[in-house]
Amino acid sequence: MVDDRKLAVLRAIVEDYVSTNEPVGSKALTERHNLGVSPATVRNDMAALEELGYITQPHTSAGRVPTDKGYRLFVDRLSQVKPLSAAERRAIETFLAGAVDLDDVVTRTVRLLAQLTRQVAVVQYPALSHSTVRHIELVPLTERRVMMVLITNTGRVEQRVIELPDVIDDSRIAHMRAVLNACLDGCGLAQVPDTVADLPDRMPVEDRSSMVTILSVLLETLVERHDERLVIAGAANLAAADFTIGLREVLEALEEQVVLIRLLGETTDTSAITVRIGSENPYTGLRGTSIVAAGYGSGDQQLARLGVLGPTRMDYPVTMGAVRAVARYVSQILTAS
């Protein structure tokens, strides 16, 4: 265990190194921070922290920099995640509230995260397996053509124009709509095929062929959606990061969406923030980066994850605060929709 005094020294080293990108010496620490001890005591504490593997000396200068282990202790022992200002919260709420559908929510969210954190932002689309049917609308267009509108609890809106095999009047369309919604309201999208398997047989004979056609288009629509889909923004922010080596590997890893989905992590707790630091990342190309992620969802159900990726030398309190705030606002939007 690291005592409070050494933890204060480590915290000061992390804060100074993040802000200056220069190794931190004991003299600078005592000048910049009110540690309440002499420079000699700070040097002794730094020596102890180095022996424990929390800081290291990158070259022959007197300065030290945090290791992955040091960043981990810093994050785990954070007294608080830095809250956003009132102006930042209003900006987030206004920016996201203008979204018109799920695609717009995701696009706005990833841009917002990249701007707030100056890192690479990653937003995962809600998984098909976690979505449910909220409503199906059938809108008559002509005697043999209808528009099907599928609305899910995650805000997805899918529209398809369907050519029916028979002429059908509005009252029969209204009956089909009622039957579909009674059968599928609240049904998980992954369970829809099994749920509607015998639905045509429960329809009047004259409507069975039309219901088969509608269901065929509905199932095709569900198959077209990809579970593991990510949107990325802010890759240009990596240019300002301290990647003396490994930038190419980081950019290559960003193209591997399966890797990023795995790194975003999985947890059922939508309020939890997960942080993977440097060597904790199983993908070797990302060993010089950290990933801060959180879940978002509708109500108590987590639907997907979002987060940011940047160098291990990042402002963790600010980044964690931004990720948490944006995830909460996205959850509020999906719940309200």
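The values are calculated or read from the model by the stated rules, or taken from the named source; none is laboratory data. Since the structure is predicted, the reported quantities are computational estimates derived from the model, not experimental observations. Here the Cβ is made from the backbone with ideal geometry for all residues, glycine too, and neighbour counts use every protein chain on show. Surface areas here come from the heavy atoms of the whole protein model, side chains and all, with no ligands, DNA or RNA. Shrake-Rupley method; radii C 1.70, N 1.55, O 1.52, S 1.80 Å.
The rows are residues; the columns are (1) in contact with a Leu (Cβ under 7 Å, 6 or more places away or on another chain); (2) closer than 22 Å to SER290 by Cα.
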{"position": "ARG11", "(1), (2)": "no, yes"}
{"position": "VAL42", "(1), (2)": "yes, no"}
{"position": "ILE55", "(1), (2)": "yes, yes"}
{"position": "PRO58", "(1), (2)": "no, yes"}
{"position": "ARG77", "(1), (2)": "yes, yes"}
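Among residues of the range 20-39 being free of Cβ contacts under 8 Å to residues at least 12 places away in the same chain and not in a loop (DSSP other than H, G, I, E, B), the one that is most open to solvent (accessible area, probe 1.4 Å) is GLU31. Selection of the range 284-310 for residues being among the hydroxyl-bearing types (Ser, Thr, Tyr) and open to solvent by less than 10 Å² (accessible area, probe 1.4 Å) yields THR289, SER290, TYR296.
Once the range 47-62 is narrowed to residues that are in contact with a strand residue (DSSP E or B) (Cβ under 6 Å, 6 or more places away or on another chain) and more than 14 Å from ARG313 (Cβ to Cβ), the residue that is modelled with the highest pLDDT is LEU49.
Cβ separations smaller than 7 Å between residues 6+ apart or across chains give the following pairs from the range 316-337 residues that are basic (Lys, Arg) to residues that are open to solvent by 20 Å² or more (accessible area, probe 1.4 Å): ARG324/VAL81; ARG324/ILE273. When the range 116-142 is filtered for residues that are free of Cβ contacts under 8 Å to residues at least 24 places away in the same chain and polar (S, T, N, Q), only THR142 remains. Out of curiosity, is GLU15 among the charged types (D, E, K, R), closer than 21 Å to PRO311 by Cα and surrounded by fewer than 21 Cβ atoms within 10 Å (Cβ to Cβ)? Judged against the criteria, GLU15 is a match. Just one of (1) open to solvent by less than 70 Å² (accessible area, probe 1.4 Å); (2) touching a residue at least 60 places away in the same chain (Cβ under 8 Å); (3) of a type in the set (A, V, I, L, M) fails for ALA8. It is (2).
Among residues of the range 40-87 being among the charged types (D, E, K, R) and in contact (Cβ under 8 Å) with a residue 40 or more places away in the chain, the one that is surrounded by the fewest Cβ atoms within 10 Å (Cβ to Cβ) is ARG77. Mind listing whichever residues of the range 90-115 are aliphatic (A, V, I, L, M) and touching a residue at least 40 places away in the same chain (Cβ under 8 Å)? Correct list: ILE92, LEU96, ALA97, ALA99, LEU102, VAL105, VAL106, VAL110, LEU112, LEU113, ALA114.
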